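One structure below.
The values are calculated or read from the model by the stated rules, or taken from the named source; none is laboratory data. Keep in mind that this is a model prediction, so the values were computed, not measured. Glycine also receives a Cβ, built like all others from the backbone with ideal geometry; neighbour counts cover every protein chain displayed.
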Amino acid sequence: MTSSKEDRDLVEAYRLGANSYVVKPVDFDQFSETVGNVGMYWMLVNQPPPEPPAPQ
């Protein structure tokens, strides 16, 4: 989560391997809603890679 809306920052974040880019709102109510939505995204929508097999 960032305060930057600059295109160059967004492009650089993804270039460096970011999974998502979320600009945090200044308004507290909007910020709270955004944090809740981001949490739901990571818990319910995001598909993580499978766990690697355990060493034998």
*Can we say Ser4 is touching a strand residue (DSSP E or B) at 6+ places or on another chain (Cβ under 8 Å), of a type in the set (S, T, N, Q) and not in a helix (DSSP H, G or I)?*
yes
*Go through (1) assigned to a helix (DSSP H, G or I); (2) at pLDDT 90 or above and name the single condition Trp42 misses.*
(2)
*Out of (1) of a type outside the set (S, T, N, Q); (2) in a loop (DSSP other than H, G, I, E, B); (3) under 13 Å from Met1 (Cβ atoms), what's the single condition that is false for Pro49?*
(3)
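Scanning for something charged (D, E, K, R) and part of a loop (DSSP other than H, G, I, E, B), does the stretch 11-21 turn up at least one residue? Full working, then the answer.
Keep residues of the stretch 11-21 that are charged (D, E, K, R), which gives 12, 15.
Then drop every residue that is not part of a loop (DSSP other than H, G, I, E, B), which leaves none.
No: the stretch 11-21 contains no residue that is charged (D, E, K, R) and part of a loop (DSSP other than H, G, I, E, B).
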*Would the stretch 12-19 turn up any residue that is exposed (fewer than 10 other Cβ atoms within 10 Å of the Cβ), without any contact (Cβ under 8 Å) to a residue 24 or more places away in the chain and of a type in the set (Asp, Glu)?*
no
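Conditions tested, residue by residue: (1) over 14 Å from the mean Cα position of the chain (by Cα); (2) exposed (fewer than 10 other Cβ atoms within 10 Å of the Cβ); (3) of a type in the set (S, T, N, Q).
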site: Glu6; (1), (2), (3): yes, no, no
site: Val22; (1), (2), (3): no, no, no
site: Phe28; (1), (2), (3): yes, yes, no
site: Val38; (1), (2), (3): no, no, no
site: Tyr41; (1), (2), (3): no, no, no
site: Gln47; (1), (2), (3): no, yes, yes
site: Glu51; (1), (2), (3): yes, yes, no
*Filtered residues of the stretch 1-16 (kept if under 22 Å from Asn37 (Cα atoms), out of contact with any Lys or Arg (no Cβ under 6 Å at 6 or more places or on another chain) and of a type in the set (A, V, I, L, M, F, W, C))*: Leu10, Ala13
